[in-house]
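The values are calculated or read from the model by the stated rules, or taken from the named source; none is laboratory data. Nothing here was measured: the structure is a model prediction, and the numbers come from that model. Backbone-built Cβ (ideal geometry, glycine too); neighbour counts: all protein chains shown. Note: accessible area is taken over every heavy atom of the protein model, side chains too, but ligands, DNA and RNA are not part of it. Shrake-Rupley method; radii C 1.70, N 1.55, O 1.52, S 1.80 Å.
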Amino acid sequence: MAEVELRNVGQSFRRSGGALVEAVADVSLVIRSHEFVCLIGPSGCGKTTLLQLVAGLTRASQGQISVDGAAIAGPSPERGLVFQRDSVFPWMRTIDNVSYGLKCRGVEKTKRIEIARQYLRQVGLGDVERSWPRELSGGMLKRVAVATVFANSPRVLLMDEPFAALDYVTKLQLHQLLLTLWEQHRPTVLFVTHDVDEAMLLADRIVVMKEGRVVDDRKITLARRRTVESLALPEAVAHKEVLLRHLGLGELVQDRTAPL
Amino acid sequence: MARTSLSVARLPVDPLGIIGLLALVALWWGLSQFHFLSRLALPPPAGVAAAITQNFFSSSYLANYHLGYGGLAGNLAYTISNVVVALAVSCVVGVALGFASARVELFRAFADPIMLTAGTIPILVTAPFFLIWFGTSRSAQIALLILFDVTIVYLFAQRAAANLDPTYVAAGRTLGAGPMRIVSDVYLKGALPEVFGGIRIALAGAWGLEAFSELLGAPKGIGRVIQAMAAEMDSQMVFAAIMTLAVVAVAFDVAIGGAFDFITRWRRRARL
C-alpha cells in the first residue's frame, strides 16, 4: 500500500524575538504499509508539526519525506488528514462535504454521491446527508470528517488529535468506528495524540517525541480488537507505565516498572 | 442525534419596522394637518401621494424641466441603473482586490494605502472633479459611486478572507482542491456572509450619493428631479421624489437581504 519514510527531518522557525526554535529535529522514521502508528508526546513536542510535514502543508527545513520512495511535494489526496479543529465546511451540506474530495478529483456526480452515501452509512449518518453541519453535534461532525477522508481513498491517513475535544463515550465509539474502517481499507495511519490510553487501544506502534526528537519507538503486539481485559494484561500495563514516565507522569507509576 | 433542522420562518420585513414607519407617517400627517409647519416646509402626506400617482409613469410637468416624459419612474430607472452598475463593478473589483490583499502580503502593502486613501477622500468635495473628467454623462455618477462602493467592499472582503479559519483551507488542500477551487469553494463561500454585509452598507450609502451626484449635471435622475422641483419651490414634488427613492432603497435592501439570507442559509442558527 504506502510506506512512509522520514529521513533526518527537521523543522525550525524564528520566534518574533529572533530566537531559532527547532520544532522537529533529525527525525528518521519508517512507517510500513498498513501500519497504525500513534505519535505521542507532551504538548509542544513537535508531533503536530511532524504531521503537517508529512501532509505536505509545511515544507521541511531539513531532510526528506517520501511515500513509497517518492518525495512528497505539497498536500495530496493520497495523504488524507483529519484535523483536531472542525474542518467540515459549514457552507456545504453533509453529503457535499463527504463527496468534496471526489469532486476535486473529477469523479462524476452520480458516482461520487453514491460513494459518499456509502461512507455516510458506514459512519452511521445515512439519515443526515442533507443536513447542514451546524445541525450536527461535535461527534457527528467528526464522523463526517472521517467519512470525508475515507471517501477519498487515501493511501496514508494522518490524524491530528482528532477526538481530543470529544466526550468519553463518543471518543470510544469513534475509536471503534475508526478501527472498523481501517480494517476494511487498511491505509497506513499516523495518529497524533497525547492520550496514552487512546494510543494503547489503537496502535501497532507507538512513537514518543520529546523536544522535537523521537525518544522511543515501541511495538504493541497485543491482539486486536483490544478490550478492557487485554489492556489490563501485564504487557499492556508495562507499555503504559513507560509511556506515562515519558510524559513526565512518573509519580503515577510503581517502582516495579521497566526502565525507560 | 442531529440538532433540529427546523428552519425559522422569517418575514422579509420586521413588523416593528412597519410600525415605526406608520408612526412616522402619522407624525408627519399630524404636523401638516395642524399647521405646525407651512405647506411649503412640510406638504401633507395625501398631497405627496397624489403627486406621486399623477407623475409616476408619465409627466408632462417633469418634461417641462427637461426630465423626460417617463415621469418619476423614468428618472428612478436612471438612478437605479447607475447604482446597480456601480455596485456590480465594485463587487467584482472589491472582492478580488480584498481577497488578494488578505492572502498576499506584498499586494496588501501596495493596495492598502491606496484603498484607505480612497476611503478617506471626501466624496462630495471630489464630485466636481468627476464632472470635469467625465462631463455630464452617467459615467461621472457611476465613477463616483464606484469610488465609494469599492472601498467598502474591499475592506469587508479583506477582513472576511483574513478571518477565515485556515483549517478550512488546509482541509481543502489535503482533499485535492487546487488554487482555483480553494478560492471559489473555500474563500468565496466562507467569506460571503461578511462580504454581503459590506455590499449592503455600500448599497445603503449609494442611493443618497447617486442623487447628490446627479445634481452636478446629470441628464436625468431622481436627484435632478429634486433639484428642479426645489428651484420651483414645489416641495410636494420634492417630497414625492424623495419618498419614491426611499421606497426603492428599502425595497432593494429587503430583496437583497432576503437573497443574501437564502444564499448563506447554512449559517442560520438551529433552535436548540
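Okay, here's what the table says:
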quantity	calculated
The stretch B:66-108, Rg to Rh (Cα coordinates; Rh as Kirkwood inverse mean 1/r)	1.38
Efficiency of FRET from Cβ geometry, A:Phe13 and B:Ser81, R₀ 45 Å, rounded to 0.05	0.25
26 Å tail of the calculated P(r), chain B, as % of Cα pairs	55
Nearby lysines by direct alpha-carbon distance to A:Lys142 (threshold 16 angstrom, same-chain neighbours under 8 apart not counted)	A:Lys171
FRET efficiency for A:Gln254 and A:Gln62, using Cβ-Cβ distance with R0 set to 60 Å, rounded to 0.05	0.90
GNM top mover of B:Ala73, B:Ala26, B:Ala230 - chain B, alpha-carbon springs below 10 Å	B:Ala26
Label-to-label distance, nm, for residues given as B:Ser139 and B:Leu16 (7 Å Cα→Cβ offset)	4.8
Nearest-0.05 FRET efficiency for A:Asp167 and B:Val25, computed from C-beta distance (R0 56 Å)	0.50
Charged-residue dipole, Cβ positions (Lys, Arg, Asp, Glu), the stretch B:205-272 about Cα centre, Debye nearest 20	700
Contact order relative to length of chain B, as percent, for alpha carbon pairs under 8 angstrom and 6 or more apart	26
B:Val25 accessible area, assembled protein chains, probe 1.4 Å, Å²	60
Stretch gain in nm, segment B:Ile114-B:Gln33, where the contour uses 0.36 nm per residue and the Cα spacing is subtracted	24.0 nm
Local net charge near B:Gly205, Cβ-Cβ under 14 Å (Lys/Arg +1, Asp/Glu -1)	-2
Within chain A, longest stretch free of exposed GluC sites (Glu not before Pro) [DSSP loop, at most 15 other beta carbons within 10 Å]	A:1-107
Cα-based equivalent ellipsoid of chain A: semi-axis lengths in Å, sorted from largest, via gyration tensor	31, 23, 17
Net charge contributed by nearby residues that have their C-beta within less than 10 Å of A:Pro77 (K/R +1, D/E -1)	+3
Helix runs (DSSP H) in chain B reaching 20 Å along axis by Cα, Kyte-Doolittle at least 0.0	B:15-33, B:71-103, B:105-120, B:138-163, B:188-214, B:235-263
Residues in the stretch B:198-224 reached by a label modelled at B:Ile132 [backbone nitrogen below 17 Å; 7 Å Cα→Cβ]	B:216-217
Neighbourhood charge, 15 Å Cβ-Cβ cut-off, centred on B:Ile146 and excluding it, Lys, Arg +1 and Asp, Glu -1	-1
Dipole of the stretch B:80-221 [Lys/Arg +1, Asp/Glu -1 at C-beta], most positive-end residue of B:Leu87, B:Ile121, B:Leu147	B:Leu87
Distance in nm between pseudo-label sites at B:Asn163 and A:Asp216 (7 Å out along the Cβ direction from Cα)	4.5
1.4 Å probe accessible area per residue over chain B, in Å²	52
Solvent-accessible area of B:Trp29 with every protein chain in place, 1.4 Å probe, in Å² to the nearest 10	130
Debye, to nearest 20: dipole size of the stretch A:87-153, +1 on Lys, Arg Cβ, -1 on Asp, Glu Cβ	100
Gyration tensor over alpha-carbon atoms, the stretch A:87-153, equivalent ellipsoid semi-axes in Å	17, 12, 10
Heavy atoms of B:Ser58: accessible area, 1.4 Å probe, square angstrom to 10	70
Hydrodynamic radius (Kirkwood) for the stretch A:8-116, which is based on Cα pairs only, to one decimal in Å	16.4
Inter-label distance for B:His66 and A:Val237, nm, one decimal - labels placed 7 Å from Cα along Cα-to-Cβ	10.2
Most positive-pole-ward Cα, B:Ile256, A:Val30, B:Asn75, against dipole of the protein assembly as shown from beta carbon charges	A:Val30
Globularity ratio of the protein assembly as shown, using Cα Rg and 2.2 N^0.38 Å	1.34
Candidates B:Thr136, B:Thr53, B:Thr167: whichever shows maximal mean-square fluctuation once chain B is modelled as a Gaussian network with Cα springs under 10 Å	B:Thr167
Estimated Rh, the stretch B:12-170: Kirkwood, alpha-carbon pairs, angstrom	19.8
